[in-house]
Amino acid sequence: QRHLRRACACDRWRHPGPLRRLAMAKGGAIAACGLRIAFLCALPVGASLLGFPPGALSYVLSIMASIAEVCLFVMRTRNYSGKRRHSIRPAGFFPLQLLGLYMVQVWLVMFLGSAPEVPAASISAPSPTPPVAEPDVASAPQSLRGQSQPSTLSQADQGGFDLDAPLSTLSWQPKTISVVLPCAEEREYALKTVESVFSSTPSDVLHEIVVVDDGSRPPLSETVLGKEVCAKYRVRIERHEQTRGLIGAKKTGGDVATGDIVVFFDCHVAPQPNWHTDFLTLISENYRRMVVPHITALDVHTWTQMGGGGGLAKCYLTWDADFKWVDSSDRYIPVISGGLLGMSRRWWQETGGYDVEMLGWGGENLDQSLRVWLCGGEIVMAPKAEVAHMWRDGTKETQARYRHVGDTERNRARAVYAWYGDFAKKLQDYPHFASRRAGSDGVPWYGDLSAFDVVRSSLGGCRPFAWFLHRFRDIYVD
């Protein structure tokens, strides 16, 4: 009987029944399908293990081929009866399929492996920021609202600055604003301005308020802008022990600001609600765009805007290096009046900010306007942004209390000789400029201008002054 049972068992393996034949057939088909899938996925997995990036497309091709193989397996084995059936795929087709897949994937691996790495160019990746001294803990906010988004590396750093770059390449997504307030002996007006900026700007937009105390006695941090006030209004104080003037204070504030957009206000203003909207929108369209609000009148007693708004925004340049107010139907501004403006931090850094040899007040608006227009940027009016400004009308309340420094005529001449080119000779037609003489060392009375050459060199050479005259020919020609 033992021998009989062994003989029957052997006979069952030699001649399996229908169910066993079905199980054996399906098991073989499953193994064959798994082997094919392994072959289909072998190349991208192997390339990854060897350190070659196969790319997402290689994986997608392998996954799609594996899915197709599974579908064929299901169709072939469905309702399998053990009888021989014709395959849906012709015999010998899988090796050809595998060869075609491998050829495409090898090409992808070679292409991705030989492609040069290109730095990400987004308008929000940072330009190198100059090192800034740590602010005094007492004058710095404990935390800043919003997160400063890094700005992109300048095109000059990437191998060339395009003066006429398409607008589509200049757009970006700014999110935060730093407001710079140059304050010299402003006293209670400094506090009122800080409160107005803070209350009129959304908390997720206002990154910081940078107050530059330009030699006030006593320091603002010991009077109206103490530790509690700075913490409450997110104020950061930068102090000059000696008065440097408006230009130097704005230069200091602009260099240390860390928001995506840097806005400069005077230390006696009251921004009106939603002033920030136009700044974010207009500068997001072009990081090289400077934006100027409507400047209205401020009642210093109530610290509110006088009148129904509207205000002034546009000026034009005169041959004697001065400026006058003008009105026009378009939004473009030939020359800014000086104090109130905004631009991207990246553009501030690329254009060099303010001329370090200009002291006091006056002339910086001419320099800023020309370096923006001639070096690839533009200046536009913010149609809905209004900032009430205290005008110095001779009354005691509006009287300036700061110490005057610098030479306004020298500042204006520096702007002319830096940007006018051959047209700078016209400045000699005005006696108060023609009478100035060079020093005994041979340096022109308006100083060395090599800093402007550095800016021009980094910004593609910039355009000639004749371009500016033609750009605003409705003023200078028509």
*Residues being of a type outside the set (Gly, Ala, Ser), open to solvent by less than 30 Å² (accessible area, probe 1.4 Å) and farther than 30 Å from residue 417 by Cα: count how many of those fall in segment 371-405.*
4
*asked:* of a type in the set (Val, Ile, Thr) and touching a Leu at 6+ places or on another chain (Cβ under 9 Å): is that true of residue 304 in this structure?
replied: yes
*Select from segment 190-215 the residues that are without any contact (Cβ under 8 Å) to a residue 60 or more places away in the chain and open to solvent by 10 Å² or more (accessible area, probe 1.4 Å) and list them in ascending order.*
191, 195, 198, 199, 203, 204
*May I ask you to list the residues in segment 311-366 that are of a type in the set (Gly, Ala, Ser) and either under 18 Å from residue 417 (Cβ atoms) or in contact with a helix residue (DSSP H, G or I) (Cβ under 9 Å, 6 or more places away or on another chain) (or both)?*
321, 328, 337, 338, 339, 342, 344, 352, 353, 360, 362, 363
*Is it true that residue 421 is at pLDDT below 90, open to solvent by less than 80 Å² (accessible area, probe 1.4 Å) and farther than 22 Å from residue 314 by Cβ?*
no
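Conditions (1) in contact with a helix residue (DSSP H, G or I) (Cβ under 9 Å, 6 or more places away or on another chain); (2) aliphatic (A, V, I, L, M), marked per residue:
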{"site": "391", "(1), (2)": "yes, no"}
{"site": "399", "(1), (2)": "no, no"}
{"site": "413", "(1), (2)": "yes, yes"}
{"site": "419", "(1), (2)": "yes, no"}
{"site": "459", "(1), (2)": "yes, yes"}
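With the condition kept exactly as written, say whether any residue in segment 123-136 is of a type in the set (A, V, I, L, M), loosely packed, with under 15 Cβ neighbours inside 10 Å and either modelled with pLDDT of 95 or more or not in a helix (DSSP H, G or I) (or both). Full working, then the answer.
Narrowing segment 123-136 to residues of a type in the set (A, V, I, L, M): 123, 125, 132-133.
Checking which are loosely packed, with under 15 Cβ neighbours inside 10 Å leaves us with 132-133.
Filter once more, keeping what is either modelled with pLDDT of 95 or more or not in a helix (DSSP H, G or I) (or both): 132-133.
Yes.
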*From 193, 277, which residue is among the hydroxyl-bearing types (Ser, Thr, Tyr), touching a Leu at 6+ places or on another chain (Cβ under 8 Å) and either at pLDDT 95 or above or not in a strand (DSSP E or B) (or both)?*
193
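Of 236, 145, 187, which residue is open to solvent by 20 Å² or more (accessible area, probe 1.4 Å) and at pLDDT 95 or above? Explain how you work it out, then say what you get.
Working: 145 fails: at pLDDT 95 or above; 187 fails: at pLDDT 95 or above.
Checking each option against the conditions leaves just 236.
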*Tell me the helices (runs of 4 or more DSSP H) entirely within segment 422-476 that contain at least 2 residues that are under 22 Å from residue 324 (Cα atoms) and more than 34 Å from the chain's Cα centre (by Cα).*
431-434
*Across segment 440-478, which residue is surrounded by the fewest Cβ atoms within 10 Å (Cβ to Cβ) among those that are touching a residue at least 12 places away in the same chain (Cβ under 8 Å) and of a type in the set (D, E, K, R)?*
448
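Looking only at segment 314-330, count how many residues are in contact with a Leu (Cβ under 9 Å, 6 or more places away or on another chain) and either of a type outside the set (A, V, I, L, M) or in a loop (DSSP other than H, G, I, E, B) (or both).
Matching residues across segment 314-330 total 8.
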_residue 380 - would you say it is over 20 Å from residue 283 (Cα atoms) and either in contact (Cβ under 8 Å) with a residue 12 or more places away in the chain or touching a Phe, Trp or Tyr at 6+ places or on another chain (Cβ under 7 Å) (or both)?_
no
*asked:* Any residue in segment 241-252 that is of a type in the set (Val, Ile, Thr) sitting within a Cβ distance under 6 Å of a residue that is in a helix (DSSP H, G or I) and open to solvent by less than 40 Å² (accessible area, probe 1.4 Å)? List the pairs, counting only those 6 or more apart or interchain.
replied: 247/364
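Taking segment 331-343 on its own, how many of its residues are in a strand (DSSP E or B) and open to solvent by 50 Å² or more (accessible area, probe 1.4 Å)?
So the answer is 1.
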*Can you give me the number of residues within segment 216-233 that are among the polar types (S, T, N, Q) and either touching a residue at least 60 places away in the same chain (Cβ under 8 Å) or open to solvent by less than 10 Å² (accessible area, probe 1.4 Å) (or both)?*
2
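The values are calculated or read from the model by the stated rules, or taken from the named source; none is laboratory data. Since the model is a prediction, treat every value here as computed from it, not as a measurement. Cβ atoms come from the backbone with ideal geometry, glycine included; neighbour counts cover every protein chain shown. Just so you know, the surface numbers come from the protein's heavy atoms only, side chains and all, with ligands and any DNA or RNA stripped out. Shrake-Rupley method; radii C 1.70, N 1.55, O 1.52, S 1.80 Å.
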